[in-house]
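Here's the structure, in structure tokens; my notes come after.
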Amino acid sequence: MRTIETHLAEVTALVEAAARSRPVEPLVVTPEALAARPDRYRDRVLAADVVAPIDLPPFANSQMDGYAVSTPGLDATGPTALRVAERIPAGRAAPDLVPGTAAPIMTGAAVPDGADAIVPIEKVTPDAFPPASVDAVVEVPAGVASGAFVRAAGSDVGAGSVLFAAGTRLTPARWGVLAASGIDAVEVRSRPRLLLVSTGEELAAPGAPLGPGQIHDANGATLAAALAEVGVDVTVARVTDDAAALLAVVARHADAVDLVLTSGGVSAGAYEVVRDAFEGVGVTFGSVAMQPGGPQGWGAVRVHDRDLPVVCFPGNPVSSLVSFEAFLRPALQTVTGVGTPRARWTVPMAHAADSPVGKHQLRRGRVDVDGRAHLVGGPSSHLLAAHAEATVLVSIPVGVDRVDEGDEVEVWALDDPARHEKADR
Ligand code: AMP
Ligand code: MG
């Protein structure tokens with residue numbers, strides 16, 4: 001039996017191969033595109049460095065509504081009376097400042113050549129702009145420093161500098177910096193496209209009535225939601241225990257996906273559809289020394305002249321979700337750069353628990369206000385509702401058959417760090 005670490009390395013290699021088939025994609029950076037398809041823009045990671053094409057601000061501009069003045073022309077000891085020049089609104093070229101004048105200037109307007117400071121309107125007399133048509137004089141106080149309230153060109157970003165390095169996740173402020181720089185398209189890392197197939201003769205769609213012996217497909221929803229959290233585009237399908245049907249679904253979607261994930265049909269029963277379909281055509285089936293999630297499949301199948309990576313999880317809902325946490329989530333985070341790796345830390349057990357000695361057991365639990373690990377539900381891998389109440393996986397490694405109250409155990413967070421802390425409080 002392989003260890004969790006060995007299998008994680010295997011799954012990571014498959015996911016990396018999947019990501020290599022379509023590494024980058026272009027994205028348009030416009031407010032229209034961001035507003036129309038917000039999901040396309042969430043958690044995107046730059047594929048290449050982006051260099052600033054222009055200074056930001058692109059030109060020196062006023063930080064206040066006020067007067068543009070030349071400080072060498074001001075009286076150092078008392079107020080200076082200046083003739084009021086032509087107004088400078090935002091969005092216009094500014095005429096040069098004539099010596100002996102002060103130009104009314106609006107926030108964001110270009111500072112005229114010949115001016116080196118802005119005096120805010122509330123600091124001058126009179127403290128309101130005169131009508132544009134009137135010849136007027138304004139009195140500016142002493143003590144105006146050169147550069148006051150001028151936003152220098154390049155004070156936020158210098159042209160030619162690296163705005164964002166490859167691997168940077170694009171946040172609202174970063175989309176804004178790109179837009180402000182005039183950049184209307186970037187190359188981002190592609191999201192892996194994954195075909196998720198729930199298998200089982202017994203599966204009915206949520207919402208469909210249950211026939212005899214049927215259950216609703218839980219894994220499709222569970223895994224689709226989990227995959228979306230790490231930046232994967234998911235296509236879902238459901239097949240009965242019919243190997244030909246499974247192969248047909250894979251063939252139908254093969255050109256539109258980079259990776260296939262199946263649930264169910266991998267253990268030692270009489271109707272193991274995933275094994276029947278993929279065994280001997282590039283997929284290996286074996287056991288990882290973990291509980292839940294022991295039976296696993298991995299490899300690549302040849303479809304339409306290429307090797308399509310395939311990962312196969314067992315069907316029990318807790319097994320498939322714990323498999324996702326142990327293997328696919330970290331592997332996908334490595335290639336997408338999306339999401340924070342789950343925290344792991346050590347706490348004392350709140351009570352005793354037994355564990356199968358040859359297996360790395362991952363029990364569902366909560367770290368409560370007492371700082372101790374409390375198990376939630378039993379070890380059985382159909383207990384998805386108990387899993388839904390858990391905030392951690394309690395790790396009991398191979399070779400340990402019992403932990404007692406107070407024994408230190410490693411816990412693996414089931415949520416991102418910030419949300420996890422809140423859940424604990
Ligand atoms: P299997 O791995 O196919 O032998 O399935 C193991 C157990 O998981 C069985 O009890 C199945 O009914 C159940 N199961 C398999 N797939 C799903 C699914 N998509 N949703 C809920 N339960 C499932
Ligand atoms: Mg099955």
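The values are calculated or read from the model by the stated rules, or taken from the named source; none is laboratory data. Here the structure is a predicted model, which means the values were calculated and not measured. Note that each Cβ is placed from the backbone with ideal geometry, even for glycine, and that neighbours are counted across all protein chains shown. Surface accessibility is based on the protein's heavy atoms, side chains included, excluding ligands, DNA and RNA. Shrake-Rupley method; radii C 1.70, N 1.55, O 1.52, S 1.80 Å.
The figures follow:
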quantity	calculated
Charge dipole of the chain about the Cα centre (unit charges at C-beta), most positive-ward option of 18, 88, 158	18
Nearest-20 debye value, the chain charge dipole, Cβ charges on Lys, Arg, Asp, Glu	380
The range 70-174: GluC sites (Glu not before Pro) in DSSP coil with no more than 14 other Cβ atoms inside 10 Å	86
Lys/Arg +1, Asp/Glu -1 at C-beta; the range 167-236 dipole; positive extreme among 183, 232, 208	183
Residue 271-residue 25 FRET efficiency (beta carbon distance; Förster radius 30 Å; 0.05 resolution)	0.15
DSSP beta bridges in the chain [antiparallel fraction, %, rounded to 5]	70
Dipole axis of the chain (+1 Lys, Arg; -1 Asp, Glu on Cβ), positive-most option in 219, 195, 330	195
Peptides ranked, highest mean first, by Cβ atoms within 10 Å: ranges 7-13, 226-232	226-232, 7-13
Residue 385/residue 210 FRET efficiency (R0 22 Å; Cβ-Cβ; nearest 0.05)	0.80
The range 61-151 - share of DSSP beta bridges that are antiparallel (%, nearest 5)	85
Ellipsoid semi-axes in whole angstrom, largest first, where each is sqrt(5λ) of the Cα gyration tensor of the chain	63, 26, 18
Cβ-placed point charges (K, R +1; D, E -1), dipole of the range 277-359 about Cα centre in debye, nearest 20	200
Surface accessible to a 1.4 Å probe, per residue, for the residues of the chain, Å²	46
Long-range amide H partners of residue 188 with built H, under 5 Å	25, 27, 47
Under 5 Å, built H, 5+ apart or other chain: amide partners of residue 44	170
Percent carbon-and-sulfur accessible area, the chain, ignoring ligands, DNA and RNA, probe 1.4 Å	54
Segments 72-79, 171-178, 208-215 sorted - mean Cβ within 10 Å per residue, highest first	171-178, 72-79, 208-215
Point-to-point label distance, residue 284-residue 306, nm (Cα→Cβ direction, 7 Å offset)	2.4
Spin-label model distance (nm) - residue 245 vs residue 83, 7 Å beyond Cα toward Cβ	9.0
Extension gain, residue 137 back to residue 36 (0.36 nm per residue minus Cα-Cα distance, nm)	31.3 nm
Stretch gain in nm, segment residue 404-residue 252, where the contour uses 0.36 nm per residue and the Cα spacing is subtracted	49.5 nm
Cβ charges +1 (Lys, Arg) and -1 (Asp, Glu), total dipole of the range 1-40, debye	80
Order by protection proxy (mean Cβ within 10 Å, highest first), peptides 39-46, 293-300, 260-267, 130-137	260-267, 293-300, 39-46, 130-137
Length gained when the stretch residue 159-residue 344 is fully extended (0.36 nm per residue, less Cα-Cα span)	62.4 nm
Nitroxide proxy distance, nm - points 7 Å out along Cα→Cβ at residue 75 and residue 6	9.0
Nearest-ten-degree value, helix 219-229 long axis tilted from longest Cα axis of the chain	30
Calculated from backbone phi, Karplus (6.51, -1.76, 1.60) coupling profile of the range 174-183 in Hz, x at Gly/Pro	6, 4, x, 5, 4, 4, 4, 7, x, 7
FRET efficiency, 1/(1 + (r/R0)^6) with R0 25 Å, evaluated for residue 166 and residue 17 via beta carbons	0.75
